[in-house]
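The values are calculated or read from the model by the stated rules, or taken from the named source; none is laboratory data. These numbers come from a predicted model, not from an experiment. Neighbour counts run over all protein chains shown; Cβ positions are idealised from the backbone, glycine included. Just the protein is used for accessible areas: all its heavy atoms, side chains included, with ligands, DNA and RNA removed. Shrake-Rupley method; radii C 1.70, N 1.55, O 1.52, S 1.80 Å.
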Amino acid sequence: MNLRNQWPVLPIMAGLASGLLTGCGSENGESGSGGSTVVMGMSDDVLATDPASGYDPGSWLLFNNVFQSLLSFPKGGTEPVPEAAESCEFSDTETKVYKCTLKDGLKFSNGDELTSEDVKFSFDRMLKINDDAGPAIMFPMLDKVETPNEKTVVFKLNTPDATFPSKIASGAGSIVDHRQYDAGKLREDGEAVGSGPYKLDSFDDGEAVFSVNENYEGTAKIKNSGVTLKFGVDQAQLKQDLTDNKIDIAYRGLSANDISDIEAAGSDADVELVEGTSAEVQHLVFNMDDPVAGKLGVRKAIAYLLDRDALMADVYQGTATSLYSIIPAGIAGHNTAFFDTYGARPSKAKAAAALNTEGITGKVKLTLWSTPTRYGPSTDQELKAIADQLNDSGLFDADVKSVAYDQYEKDIAKGKYGVYVKGWVPDYPDADNFTAPFFGEGNVLSNNYTNSTITDTLIPRTAAQSDRAATDNDYGHLQDVVAAELPVLPLWQAKQYAVVRDNVYGLEYCLDASTVFRFWEISKG
């Protein structure tokens, strides 16, 4: 989920440097489905309860717990496994026909039977509504859905796509009750009817209440009696709520300074830090039609002057790691194209030479555009630090302007910015999700970049390859091309984290590269 509106632009939050602390997640802490209700706070908003619309991290957190998909990602895993389905497989050699057989006895939380009709309805509805803030953009390859019988679903694709199982395992594959949803319009009552581990009991400004779905049939083993989610919480309030024991878990939104304060308090605060893996990334994006940023020499100069490690130390205090690739570490296809091309240490000489190739001898006047919270609470500070790095070289006269997110997105779409920041939280843990949305046709960056080798050859060929390990060379080539042409400049890769009270367990099973936050794994002693 990420650059949503087109694709997931999920707000990127920096992770934490400290390791997993003992106590959190201990099997001894499990309390069973009859255990306590857990209260969680986060700074992300939940923008939708209808899976045909929501395409943001908060909404997908809701979807992954209230709705079932045919497949799901197991904790710690990146390969989808059956969930509502008994089995799924490509029934052809071209990866264009995908067949799933449903489990017996599936029901929605209201008692309605779940059949293949509901699966077809859910996908047909999402594509028909085609909401600007929804996940329909993930399925341009889906031609039609057929239902030979009540337990069988057949997806016919118009182009080969070996990543299709991962796409339907995400929040975009949420199955809704065809009796409860309008086929042609979004549900706007704040309610949701799914077949996942939890029911949505209430949803209003800033709070969603979930209870266990007694009709659930699936792989999740539920270890609490429900979850209360406080969302859209102000950063300072989130820290205060944790300190005041008003919440059990703080997830997404605490700054590096907040974390340092909490860590310094140690055992006196009765909280612990849980760290997990993540594939969240952040990039500088260049508008290729901009009169300044559109010049390759200017973009190269910025790449030669960027000191990522200083940003990680000074701004993020070690809570994120320097990123030198389009595909992050931990995802097959990752390489170090930007390290190989521009190095890790700033070079004023190479930056000046790059500007000279454009005939530029004076300082380059440049504005870096930011938005204050969407991609993490330290984004403005980070962009100002980058501007300082450029200015300290004597080659740039750079400043930073920060704009509220709604206006920010509108201005980017209109091409008003030359250099701006974007964050990305993956929909599914495959290299395809870090490349096709950025560099495929109609890419979500709105930066006027196209490359025919990428769009016509590399993206279609990697999508069609069922052996994902066999795509490494093509993804390496793609990243080398991007490093040479510089439509984007990778900055960092996050770690996921949560700060929890010391009687809360199971969080390490909620923080992995799949980006699925599993309510059912959390217990409270």
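Volume of the convex hull of region 178-295 (Cα atoms only), normalised per residue: 238 Å³.
Please compute the Kirkwood hydrodynamic radius of region 384-436 from all pairs of different C-alpha atoms, in Å with one decimal. One over the average 1/r among Cα pairs gives 13.7 Å for region 384-436.
What is the Cα convex hull volume of region 446-505 when expressed per residue in Å³? Don't jump to the answer; show the numbers that get you there.
Working: hull volume 10.0 nm³, N = 60.
Here the figure is 167 Å³ per residue.
Can you tell me, using C-alpha contacts under 8 Å and at least 6 residues apart, the relative contact order of the chain as a whole percent?
Numbers: 1264 pairs, mean separation 134.6, N = 525.
Relative contact order for the chain comes out at 26 percent.
Measuring with a 1.4 angstrom probe and ignoring ligands and nucleic acids, H178 comes out at about 50 Å² accessible.
Here the relative contact order of region 309-450, from alpha carbon pairs under 8 Å that lie six or more residues apart, stands at 23 percent. Across region 90-99, coupling constants 3J(HN,Hα) worked out from phi with the 6.51/-1.76/1.60 Karplus curve, θ = phi - 60°, read 6, 9, 9, 8, 9, 6, 10, 10, 10, 10 Hz, and Gly and Pro carry x.
Relative contact order, whole percent, for region 172-326 stands at 10, derived from Cα pairs under 8 Å and 6 or more residues apart. As a ratio to 2.2 N^0.38 Å, the alpha-carbon radius of gyration computed for region 370-523 takes the value 1.26. Centroid-to-centroid, using Cα positions, region 269-346 and region 44-104 are 30 Å apart. Calculated on the Cα set of region 226-373, radius of gyration then Dmax: 20.2, 63 Å.
Considering only Cα atoms, the convex hull volume of region 319-414 works out to 151 Å³ per residue.
Please arrange K401, K246 by accessible surface area, largest first, computed with a 1.4 Å probe and ligands excluded. Working shown, then result.
Values: K401 95, K246 125 Å².
These residues rank, largest area first, as K246, K401.
When the charge dipole of the chain is built from unit charges on Cβ atoms (+1 for Lys and Arg, -1 for Asp and Glu) and taken about the Cα centre, the candidate among I247, F164, A192 whose Cα reaches farthest toward its positive end is F164.
With the convex hull of its Cα atoms as the shape, region 395-470 has an orientation-averaged projected area of 7.4 nm². So for region 472-521, what percent of the C-alpha to C-alpha distances run longer than 12 Å? Percent of Cα pairs beyond 12 Å in region 472-521: 74. Annotation: the antiparallel percentage among DSSP beta bridges lying fully within the chain is about 75.
Above 19 Å, the calculated P(r) of region 263-342 contains 55 percent of its Cα-Cα pairs. E521 exposes around 20 Å² of accessible area when a 1.4 Å probe is run over every protein chain in place.
Using only side-chain charges placed at the Cβ, +1 for Lys and Arg and -1 for Asp and Glu, the dipole size of the chain relative to its Cα centre rounds to 1180 debye.
Kirkwood radius for the chain, taken over all pairs of different Cα atoms as the inverse mean of 1/r, rounds to 23.6 Å.
Report the local net charge at S322: Lys and Arg +1, Asp and Glu -1, summed over other residues whose C-beta lies under 13 Å from its C-beta. Net local charge, S322 excluded: -1.
Applied to region 517-525, the Karplus parametrisation 6.51 cos²θ - 1.76 cosθ + 1.60 on θ = phi - 60° returns per-residue 3J(HN,Hα) values of 8, 9, 3, 5, 7, 8, 10, 10, x Hz, with x for Gly and Pro.
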